[in-house]
Amino acid sequence: MVEIAGPIHAMSVGARIGIETTGNRFIPAEVIAFSGSNAVVMPFAGLEGVRRGCRAVIANAGVRSGRPSPSWLGRVLNAMGTRLVMATYAEMKELIRLGAYRAGSNPEVDEAIALHEPLEAFLRQAKDEKTSLGDGYRQLEQILGRLETER
């Protein structure tokens, strides 16, 4: 959890916030409570680069609504309301296995296929294997970064 001092008069529980890091990138977060004159937010990514005094920007514009709709039925979504890659793969698994899926016909499925093996390998862990949270985030960034460079 992160406490933000700032324009809390403009924030409400559920508001989306972007926390600017030293690397000039934004970490998405959601306001979950208020404590005195601060907003308490839950970040949706690692906090590398966050320091005291980082700027927080209200980012509700353009963010998907957190309200469920009939289109969510049977779907697995992340905190931002986006379908998860692994759920997309699971939905298409049989067609992929049978060779009935044509590459290029659906960008979401193409992405799911490209990420399936690397994500499955990331999720496998031996009983005595240990990885820190920071290392786990770095490994995921590498997996997702490879996909970005292939595009």
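Can R146 be described as open to solvent by 50 Å² or more (accessible area, probe 1.4 Å) and closer than 28 Å to L47 by Cβ?
Working: open to solvent by 50 Å² or more (accessible area, probe 1.4 Å): yes; closer than 28 Å to L47 by Cβ: yes.
It is true that R146 is open to solvent by 50 Å² or more (accessible area, probe 1.4 Å) and closer than 28 Å to L47 by Cβ.
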Quiz item: With respect to the numbered conditions (1) out of contact with any helix residue (DSSP H, G or I) (no Cβ under 8 Å at 6 or more places or on another chain); (2) surrounded by 16 or more Cβ atoms within 10 Å (Cβ to Cβ), which one is the sole condition not fulfilled by Q125?
Solution: (2)
Self-check item: Close pairs (7 angstrom Cβ cut-off, 6 or more residues apart or separate chains): under 21 Å from L133 (Cα atoms) and in contact (Cβ under 8 Å) with a residue 60 or more places away in the chain in region 25-52, part of a strand (DSSP E or B) and open to solvent by less than 30 Å² (accessible area, probe 1.4 Å) anywhere
Solution: A45/I27
Quiz item: Is region 64-80 home to any residue that is in contact with a helix residue (DSSP H, G or I) (Cβ under 6 Å, 6 or more places away or on another chain), aliphatic (A, V, I, L, M) and either modelled with pLDDT under 85 or within 25 Å of D135 (Cα to Cα) (or both)?
Solution: yes
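The values are calculated or read from the model by the stated rules, or taken from the named source; none is laboratory data. Please read these numbers as outputs of a predicted model, since none were measured by experiment. Positions of Cβ are generated from backbone atoms using ideal geometry, with glycine treated the same way; all protein chains shown enter the neighbour counts. Calculation scope for accessible area: heavy atoms of the full protein, side chains included, ligands and nucleic acids excluded. Shrake-Rupley method; radii C 1.70, N 1.55, O 1.52, S 1.80 Å.
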